[in-house]
Each structure stands twice: as C-alpha cells, then as structure tokens.
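Asker: First the structure, then my questions, so here it is.
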Amino acid sequence: MSDQGQTNDLELLTFRVADQEYSLDIMSVREIRGWTRTTPMPHAPDFMRGVINLRGTVLPVMDLARRLNLPSQETNDRNVIIVVKLQGTLTGLLVDAVSDIVAITEDDLQVPPDISSDPQLSVVRALTVIDDRMIRVLDLRAVVPATSDEAA
Amino acid sequence: MSEQNDPMAEIRASFFIECEELLEALQDGLQELDDGADDPETINVVFRAVHSIKGGAGAFGLEALVRFAHRYETVLDEVRAGRMTPDSDSMKLFFLAADHVSDLVRACRDEAPIPEATSDELLVRLDALLGDEVEEEEADAADFTPLGFSMSLDLPEIEPELNSFEIRFKPEQEIFATGNEPATLLRNLCGLGTATVRCNTSDLPDLEDLAPEAPYIEWIISLQTEAAEAEVRDIFEFVDGLCVLEITGTKSGDDGDVAPTESIETEVEVEQAIAAPTAIAPVSVPKKPQGTKPASDTEDSGADPESKKAAAPAAKSVVRVDLERIERLVNLVGELVINQAMLSQSLDEAGLSPHSDAMNGLEEFQRLTRDIQDSVMMIRAQPVKSLFQRMSRIVREASAAVEKEVRLVTEGEGTEVDKTVIERLADPLTHMIRNAVDHGLEISEKRLANGKSRAGTVTLMAAHRSGRVIIEVTDDGAGINRERVLEIAVSKGLVPPDVQLTDGEIDNLLFLPGFSTASQVSALSGRGVGMDVVKTSIQSLGGRISISSEAGKGTKFSISLPLTLAVLDGMVVNVAGETLVLPLNVVVETLSLGPDDVQMLRPGAYVVKVRGGFVPLYDLGVMLGYRAQRKTDAGAIVLLISLEDGSRAALIIDGIQDQRQVVIKGLDDSFYRAPGIAAATILGDGQIALILDPADIIAGLGNPRGADIMLSERKIANE
C-alpha cells in the first residue's frame with residue numbers, strides 16, 4: 001500500500017476503544033472480523049476474552065479495553081476483532097469500532113510524555129494528531145504478552 | 001526441500017534419508033552383536049551399512065565422511081573375516097564410531113562444521129584395534145590425496161606382501177538391468193593395487209548381429225595387491241550371480257617393483273580397456289578424462305547405493321512421501337470431520353426422521369470419514385524404535401560422562417506413535433534418560449555394596465494402553481531420596497517448612513519449576529532446566545507424566561500420551577453455559593445424583609457413593625472458574641471417569657450433548673497453557689469448545705497444594 005521510495009510513510013489503522021482513539025501500524029494487521037462469541041478460557045487473565053474459530057484455527061482474543069485498564073464496554077454486534085500478527089503468532093484484539101486508515105510520516109509522530117504512572121502509556125509508542133484529534137499509536141509488542149512457547 | 005528444482009539436491013536429500021535407514025540398521029546390528037549374536041549375517045549387515053554410506057558419500061564428495069567410514073569399514077571387515085573377535089571394549093568403540101558416523105552424516109547434511117577432532121581420535125582408536133595393519137590403512141588413506149602417483153609412491157615404502165590374482169570377469173545381461181557398471185568395478189579393482197586389465201572382445205559379433213542390450217565383452221585382470229582375496233571378491237559383491245567371475249590367486253614375492261610410470265600406464269590401460277567397450281556397451285559409461293583422477297580412487301563407487309538396492313531382496317514395498325503432503329491430508333480430513341459435524345447438526349435441526357434416506361446416508365458418511373481418518377493416522381504412525389535408538393546413544397554418552405556402567409533395556413520398540421509425537425518426545429526423553437543415569441543410578445561400588453549388579457539398568461518401555469501410548473523410563477537405582485527432595489524444596493521456598501507431604505507429593509515436587517536435585521552440578525544435568533521443562537513439553541503434547549519411586553529399588557517415570565494429535569472420540573457436555581469435550585475413553589458411566597449420594601469429607605471436599613465405593617466429586621464449573629460452588633448438587637448429572645492410574649473421579653456437569661469425533665486443535669499459540677485444558681475443537685456451529693484433560697484437572701485439585709503448583713506453572717507460562 002505504501003508508495004515506493006517514500007520509506008518514511010506510515011499507514012495507521014485507527015480505531016476506538018472505550019471512546020478513546022488508538023491506532024496500529026497497518027502492516028501488523030492481518031484482517032478485521034465482526035464480533036463472534038468467544039469461548040472463555042478457564043483461569044485466564046481477565047483481559048483474555050477467550051478463543052474464537054478463525055477458519056479452522058484457534059485464535060485467542062484479547063479485550064483491548066481491559067488490557068489498557070479502560071472501562072470495558074458491553075459487547076455488541078458493532079464490535080470488531082482486529083487480527084494482528086506478531087512474531088508469527090496471530091492474536092485478535094477486541095475493539096469498539098474501526099475508524100479509518102490514515103497515512104502519515106514518521107515526522108508526524110511525537111514521543112509520548114513520560115508519565116510512567118499511567119499504565120496506558122507503557123503500551124503507547126507515540127502520539128500523533130489527525131484532524132485535531134490525538135491518536136495514540138500502540139506498541140503491539142507491549143500489548144500482546146509473549147507466547148508461552150518462549151517461556152518454555 | 002526448498003531446492004526441489006535442483007535434481008542433484010533431490011538425489012542428495014534422498015541419500016541422506018537412506019543414510020538414516022542405514023544408520024538405523026547399523027545400530028540394530030551392533031546391538032545384536034553386543035547382545036551376543038555372532039552369525040555372519042549380522043556383521044554383514046553392519047558392514048554393508050557402513051559400506052553403503054561410504055559409497056554414497058563418495059558420490060557426493062563428502063570427504064570427511066568417506067575417510068572415517070572407510071577406516072571404520074576396514075576394522076569391521078576384520079571382524080567379518082573372522083580375524084578379529086570384538087570384546088566389550090571394541091564393541092563400545094564400534095558404537096561410538098557408529099554414533100560418529102551419524103554425526104558426520106548430519107554435519108554433511110546440514111553443511112555444519114565437521115567434528116574433525118573426534119574423527120581423528122576415534123580413528124586412532126579404531127586403528128589401534130587393527131594393530132599391525134595400521135600402516136596399511138595409512139596407505140589407503142593416502143588414496144584421497146588427488147595425486148595420481150600417491151599409490152605407487154607409497155607402495156614401495158611399506159613393502160607389503162603382494163598377492164597376485166587373475167580375475168576373469170564376464171558380465172551377464174542382468175548386470176546392466178540392475179544398473180551396475182563394469183567400469184566402476186574395474187576402477188575399484190584398480191584401487192586395490194596395480195592392475196592390468198585386458199579386454200577380450202572375441203565374442204563380439206558383427207555390428208549387424210549385435211544385440212544392443214547384451215554384454216559380449218570379457219575382462220581379464222591381473223591384479224597385484226596387498227588385499228586378500230576376500231577383499232577382491234567384495235568388489236564384486238553387488239554383482240554376485242550377475243556375471244561370470246573367476247578369481248585365481250597366487251602369492252607373489254615380487255613386491256617393490258612398481259614404478260610410478262608403470263602405474264600411469266596401467267591407468268591408461270584401464271581407461272582404454274573400459275573405453276573400448278563403452279562405445280558399444282548398452283549402459284552409458286561416463287567417460288572420465290584420463291589422468292584427472294587417480295585410478296586408485298576406491299571411493300568412486302557412486303553406483304553402490306543403486307546396486308545395493310538391486311541386490312537387497314524387496315522385503316516390503318515402501319513409498320517415501322513428503323511429510324507436508326501427509327500433513328495436508330491430515331488437515332483436510334480434519335476439515336472433513338468438522339464439515340460432517342456441521343452437516344449432521346443441520347440435518348438434525350431440519351427435523352428429518354432418523355430413518356430417512358438422508359440420515360442413513362449421513363451414517364454411512366460418518367463411517368467412511370472415520371475409516372479415512374484411521375487410515376490417514378496410520379500413515380503418520382511410526383514405531384518408536386528410531387527414538388529409542390537415539391536414547392541408547394544418550395545412555396552410552398551419559399554413562400561414559402559419569403563413569404557408571406549402564407545397560408539400556410528397551411521394550412515395545414514396535415509401538416507406533418504419531419510422528420510429531422516422536423519428534424517432540426526426543427528432548428524430554430533425553431533429559432529423563434540423563435537424569436536416570438546421573439541421579440537415578442548409584443555408582444558401581446555402592447550398587448555392589450547394596451547387593452545389586454554392578455551395572456545399572458535403565459529400561460525404556462513403550463506400549464499402547466487404553467487408547468493412549470505409555471512410555472516408561474525406569475531405573476533400578478536408589479530411588480528418590482525424599483528427605484533430600486523435601487529439604488531442597490523447603491530451602492528454595494517452594495513449599496512451606498512445616499508442610500506435611502505424602503511420598504507421592506514429595507516425588508511430584510521434582511516437577512516444580514526451579515527445582516533441581518543435582519547436589520553437585522555435573523556435566524550432564526544441573527543446567528538449570530529441570531523436570532518442569534520435561535513436564536511442560538509432555539503436556540504440550542497432550543500428555544501427562546507421573547513418577548513413582550521405591551527406596552533402594554529404583555524410580556519410574558511414566559509418560560502417557562494420546563495416540564494421535566489430530567482426532568479424539570469425545571463426549572460433548574454442557575457446563576455453566578459452555579460446551580466442553582471430554583475424552584470418551586475416560587468416561588465410565590453417567591449418573592444422576594440423589595440427595596443422599598453426596599457426603600462431605602471435609603469442608604470443600606466431597607465424595608459420592610457409587611455402588612458401595614466412594615469417589616471424589618468435583619464440580620467442573622467451579623473447577624474451571626465458570627461459576628461459584630452451588631449449595632446443593634442433588635439432581636446434577638455426574639460423569640464417572642477412570643484414569644490410567646486406576647483412580648476414579650466424579651465430575652458434575654449440566655448436561656450431555658453428544659458423543660462424537662472431534663478434531664483436535666492445538667492451543668500452542670495461545671498465550672498460556674490453561675491447566676486442565678488439553679486442546680480445543682471446533683463444533684458443528686463453528687464455535688470453539690475446549691477439550692478437557694480430566695486427569696490434569698484432578699491432579700491439580702486433588703491435592704491441596706495442587707492449585708499452587710498450577711499457579712506457578714501458569715506464572716512460568718506467562719513470563
């Protein structure tokens with residue numbers, strides 16, 4: 001999607017979680033799916049919604065709002081699951097709604113102020129402003145915990 | 001496999017596959033020899049395995065492998081010829097050498113650095129077995145320097161006793177049909193010494209009468225060699241019965257009279273002698289530029305693998321299939337099963353009569369699906385033998401490292417297990433075997449003092465039991481030192497100091513992360529990975545591991561694994577609004593709880609009375625955290641399950657949906673391993689249902705500290 005030659009270009013998928021605007025590098029996004037009922041995993045961390053069937057494979061789905069310590073919204077049909085790929089592993093992120101795809105350059109990114117007491121900020125890689133709205137760019141590696149394979 | 005378009009790479013790949021088989025045969029043969037077999041066939045098998053590896057390696061220019069295999073083969077040949085009887089020390093060396101051959105094969109395959117130092121060390125020891133004949137071997141080794149003169153230069157120095165042979169060699173028609181090439185044989189003969197080859201073409205008919213596929217030529221070779229007649233005959237081993245072969249030998253005192261020039265002449269003669277018939281010979285003999293390679297290159301036996309195949313009787317016809325294709329088939333069958341489940345669900349919902357054609361057809365469909373599935377699974381199944389053979393090497397190395405005498409006994413090598421399971425079992429099993437040798441067995445002096453045999457025994461057993469594969473690692477060592485284990489666990493803060501544990505519970509402490517029994521860090525174990533890693537890997541295969549130990553008698557680790565990683569006969573049940581699947585083979589019966597059936601053992605622990613016996617009762621919904629404990633369980637439906645260790649348990653569920661085959665989908669990619677959950681499956685409606693491992697759940701909850709163990713496991717998994 002990005003134009004050849006302009007390596008600084010960055011495309012972000014923006015979405016809403018608990019009425020806040022977040023975004024992810026679109027290169028890590030594999031697909032966007034409508035909400036389907038998840039099968040809860042016993043004894044899982046509370047931000048794990050469970051697993052769903054993604055064309056025959058088991059896809060773990062994380063409630064992004066709970067992961068970011070935001071008030072969790074009632075799930076409804078308009079919720080979507082963003083399927084992201086990180087280090088070869090697919091994970092679903094449950095968000096309220098997907099808004100837009102925006103193209104920016106690296107220069108548009110601002111380093112977030114260091115407010116370490118804010119648990120959200122540790123997962124926010126950068127901030128950017130689009131149409132006067134602040135968009136948080138998530139650091140996917142901080143959001144998605146390492147797989148158990150690596151621990152073992 | 002990525003180089004599939006390169007035909008050479010393909011041949012190379014199939015050579016390495018063949019090597020694996022040969023190495024297996026080699027190990028088997030050595031084991032038989034070690035067990036006291038002394039029939040000529042066994043040593044022949046061993047010899048041929050090394051010989052064929054060498055032959056193939058020569059064709060691919062794998063010098064290091066050829067060099068080692070050649071001298072190994074020479075020693076084995078001594079045994080074969082009956083000139084040497086291997087004692088236990090030399091048998092050990094043979095095993096080491098076999099291990100090294102397999103290392104070399106792997107190094108060559110992966111293009112990894114060749115462990116030259118080990119080669120040299122082993123070669124020195126192998127040569128030592130030969131005693132006086134070492135020098136002769138050195139001369140042979142010089143064959144590999146690409147100098148045409150090497151042979152003739154070396155010969156006078158050694159001044160060996162030369163034998164003269166007159167060899168008459170007349171191929172018959174079959175020799176070409178089996179892909180043998182007279183030129184190679186002649187070249188190999190020349191490798192033994194100085195040969196003068198004459199070609200007798202008197203039988204050659206006129207061109208118009210010439211049948212293109214018939215051999216007409218006869219060779220008469222005068223060979224001067226240090227080799228014995230048997231060695232000369234060996235060259236013709238693979239064409240035995242396919243040619244007229246007469247070898248007459250005379251001893252000759254005429255030894256040192258071999259001038260370099262003569263050698264070259266000989267070579268030219270050979271090439272010409274070969275080249276002449278090539279023009280009419282039906283098989284295309286690759287013409288070699290004269291003099292670029294020494295005629296003494298015994299290793300130029302590229303045709304050997306083929307000729308071996310031709311010579312070996314076709315015992316079983318086998319097709320080699322790319323594993324990926326099988327994987328694909330397995331996946332497709334999995335999809336088929338899911339599809340069939342969906343279909344049967346929609347037919348059910350359509351309200352068709354059970355005797356309608358559609359329902360009958362569906363039943364037939366189900367049966368076929370199951371048959372297909374079983375057949376596909378059988379393709380993937382492999383005997384555990386290859387795995388066990390690798391373990392015998394581990395035992396050899398481990399026992400040498402800790403200087404203990406250890407005997408490995410294997411049982412049930414033919415037990416078939418899914419290929420993936422075999423591959424993923426190698427690491428945990430290696431670890432357990434090392435543990436058994438290092439920690440399990442006592443040192444020889446102590447064993448003798450305790451009235452045991454000097455050599456310790458480690459037994460590796462595989463068997464099919466109630467729909468699962470059981471693998472046991474048993475040692476006849478001192479057993480687990482429970483005091484010591486408890487002491488360590490307390491000192492490491494894994495359990496509170498005042499805790500009272502049963503023997504079984506103490507044994508299970510070994511599986512705790514962070515526990516390592518090694519009182520001193522040895523070369524073998526104590527690398528910071530412990531039995532917890534073993535347990536995790538077994539669990540990731542859907543298996544369980546248990547331990548039992550008797551002081552002074554030994555320790556036994558039992559691994560229980562599902563037969564297949566793909567499909568399971570399951571009972572689909574409802575618990576707290578969720579659909580769960582239990583393996584059908586653990587379910588003994590279903591009951592409905594009466595008001596008086598449940599007895600409280602202590603707060604939070606209940607038993608249910610089943611036919612006079614008491615069985616612990618668990619509420620699945622509570623155990624999985626789906627709901628809180630209910631006030632009364634009366635009226636609930638209970639599944640009575642039986643585990644491999646013979647224990648029973650009753651599980652409270654809300655309802656039974658169905659019994660059906662489910663396709664197992666691994667949860668490897670999830671973030672953590674949920675205790676008690678073996679895998680997941682996809683139901684007919686596309687929803688995911690979790691497959692429970694009842695033994696795991698109960699093991700976690702059955703003992704009061706289980707929850708902690710499970711928690712720490714999860715912590716590890718989450719990190």
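Asker: For region B:410-507, what is the Kirkwood hydrodynamic radius in Å, using each pair of distinct C-alpha atoms?
Answerer: For region B:410-507, the Kirkwood estimate is 16.0 Å.
Asker: I've got another one for you. At R0 = 41 Å, how high is the FRET efficiency between B:Thr502 and B:Asp35 if r is their beta carbon distance? Nearest 0.05 is fine.
Answerer: 0.50
Asker: Now for a different question. Which loop GluC sites (Glu not before Pro) in region B:17-112, with loop taken from DSSP, have no more than 13 other Cβ atoms within 10 angstrom of their Cβ?
Answerer: Filter output for region B:17-112: B:Glu111.
Asker: I want the antiparallel fraction of DSSP beta bridges within region A:9-142, as a percent rounded to 5.
Answerer: Percent antiparallel among DSSP bridges in region A:9-142 is about 90.
Asker: Continuing with the same structure: Can you sort B:Lys631, B:Lys492 from fewest to most other Cβ atoms within 10 Å of each residue's own Cβ?
Answerer: Fewest-to-most Cβ neighbours within 10 Å comes out as B:Lys631, B:Lys492.
Asker: On to the next question. Scaled to the compact-protein estimate 2.2 N^0.38 Å, what is the alpha-carbon radius of gyration of region B:384-562, rounded to two decimal places?
Answerer: Relative to the 2.2 N^0.38 Å estimate, region B:384-562 comes out at 1.00.
Asker: Still on this structure, please answer the following. Please arrange B:Asp371, B:Asp685 by counting, for each residue, the other beta carbons lying within 10 Å of its beta carbon, fewest first.
Answerer: B:Asp371, B:Asp685
Asker: Does region B:541-671 classify as rounded, prolate or oblate by the C-alpha gyration tensor (a ≥ b ≥ c root eigenvalues; a/c under 1.5 gives rounded; else a/b over b/c gives prolate, otherwise oblate)?
Answerer: It comes out oblate by the Cα gyration axes.
Asker: Continuing with the same structure: Which FRET efficiency value, to the nearest 0.05, is calculated for A:Met134 and B:Ser453 with the Förster distance at 56 angstrom and r the Cβ-Cβ distance?
Answerer: 0.15
Asker: Now a separate question. Among A:Ala103, A:Val129, A:Ile32, which residue has its Cα positioned farthest towards the positive end of the charge dipole of region A:9-142, with +1 placed on the Cβ of Lys and Arg, -1 on the Cβ of Asp and Glu, and the dipole taken about the Cα centre?
Answerer: A:Ile32
Asker: Next up: Using 19 Å as the cut-off for backbone N distance, which residues of region B:424-452 belong to the label zone defined by a point 7 Å from the Cα of B:Glu403 along Cα→Cβ?
Answerer: B:437-449, by backbone N distance to the label point.
Asker: Okay, moving on. What size of dipole, in debye to the nearest 20, comes out for region B:323-381 about its Cα centre when the only charges are +1 on Lys and Arg C-beta atoms and -1 on Asp and Glu C-beta atoms?
Answerer: The calculated dipole for region B:323-381 is roughly 260 debye.
Asker: Under unit Cβ charges (Lys, Arg +1; Asp, Glu -1), what dipole magnitude, rounded to 20 debye, does region B:7-144 have relative to its Cα centre?
Answerer: 400
Asker: Right, next: With each pseudo-label sitting 7 Å past Cα toward Cβ, what's the B:Arg83-A:Arg141 distance in nm, one decimal?
Answerer: So the two model labels end up 6.4 nm from each other.
Asker: Now for a different question. Please arrange A:Ser99, B:Ser102, B:Ser202 by how many other C-beta atoms lie within 10 Å of their C-beta, fewest to most.
Answerer: B:Ser202, A:Ser99, B:Ser102
Asker: Given +1 on the Cβ of Lys and Arg, -1 on the Cβ of Asp and Glu, and no further charges, what dipole in debye does region B:535-661 carry about its Cα centre, rounded to the nearest 20?
Answerer: 380
Asker: Would you work out the Kirkwood radius for region B:1-117? I mean one over the mean of 1/r across all pairs of different Cα atoms, in Å.
Answerer: Kirkwood hydrodynamic radius for region B:1-117: 14.6 Å.
Asker: Mind putting together the pair-distance distribution for region A:9-142? All Cα pairs, 5 Å bins, whole percent per bin, short to long.
Answerer: 2, 10, 20, 24, 21, 14, 6, 3, 0
Laboratory data are not the source of any read-out in this text; all were calculated from the coordinates shown. Worth saying up front: this structure is predicted, and the values here are computed from it rather than measured. Positions of Cβ are backbone-derived with ideal geometry, glycine not excepted, and every protein chain shown enters the neighbour counts.
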